[in-house]
Amino acid sequence: MQTLWAPWRMDYIRAEKSQRCIFCDFPAEVLDRENLILGRSPTTFAMLNKFPYNNGHLMVIPRRHASELDALPETEFVELHRLLALAVAVLKAEYRPEGFNVGMNLGRIAGAGIDEHLHYHVVPRWGGDSNFMPVLSETKVMVEHLWASYDRLRPLFDKALGAVGPASGSAP
């Protein structure tokens, strides 16, 4: 039997859960790389998911703290969806997936891990990316390290959006 290790999952399980909203705190900090922020617009931002379902799994998030879509002013709603379209285009160009899961879970009962702040998930998909490993061993095989994904995607967001915000620090 071969063992595959996914120690980052245990970090998530054991981590103390903050009472603060990371989607409000992260864009206010000047730690884009550490916070996995790929790009920013005046009212939205995109960031990699620290615990991805697939390589390139990112989120598109309004800066306004809101849990309901109708709480966003129309201009922010439109900008959120523009960045969502851009995120799909960037992933399509860089990763060449065969499809995407794009969605938002509204409310904890619907599966939202952070239910008080709207956010879209964008998950690139390829034929065969779902296999027996998660079912039999609760292990997901990721073929690219999270920091490698960041280094591939950040320059594309900078090019598309202009460098808005720092890309500080280096990979931990």
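When you check PHE23 against the structure, is it at pLDDT below 95, more than 21 Å from VAL143 (Cα to Cα) and within 17 Å of the chain's Cα centre (by Cα), yes or no?
On the way: at pLDDT below 95: yes; more than 21 Å from VAL143 (Cα to Cα): yes; within 17 Å of the chain's Cα centre (by Cα): yes.
Yes: the conditions hold for PHE23.
Before we move on, is LEU69 in contact (Cβ under 8 Å) with a residue 40 or more places away in the chain, more than 21 Å from LEU161 (Cα to Cα), surrounded by fewer than 20 Cβ atoms within 10 Å (Cβ to Cβ) and more than 13 Å from the chain's Cα centre (by Cα)? Even if it seems obvious, please write down each step before you answer.
Details: in contact (Cβ under 8 Å) with a residue 40 or more places away in the chain: yes; more than 21 Å from LEU161 (Cα to Cα): yes; surrounded by fewer than 20 Cβ atoms within 10 Å (Cβ to Cβ): yes; more than 13 Å from the chain's Cα centre (by Cα): yes.
Yes, satisfied.
Looking at the structure I just gave you, is GLU94 at pLDDT 95 or above, of a type in the set (Asp, Glu) and open to solvent by 30 Å² or more (accessible area, probe 1.4 Å)? Walk me through how you get there before you give the answer.
Details: at pLDDT 95 or above: yes; of a type in the set (Asp, Glu): yes; open to solvent by 30 Å² or more (accessible area, probe 1.4 Å): yes.
Yes.
If you go through the stretch 101-109 one residue at a time, do you hit one that is at pLDDT 90 or above and either acidic (Asp, Glu) or open to solvent by 60 Å² or more (accessible area, probe 1.4 Å) (or both)?
yes
The values are calculated or read from the model by the stated rules, or taken from the named source; none is laboratory data. Note that the structure is a prediction, hence the values are computed from the model and not measured. Cβ sites come from the backbone with ideal geometry, for glycine too, and all protein chains shown count toward neighbours. Quick note on the areas: whole protein, heavy atoms, side chains included, nothing else; ligands and nucleic acids left out. Shrake-Rupley method; radii C 1.70, N 1.55, O 1.52, S 1.80 Å.
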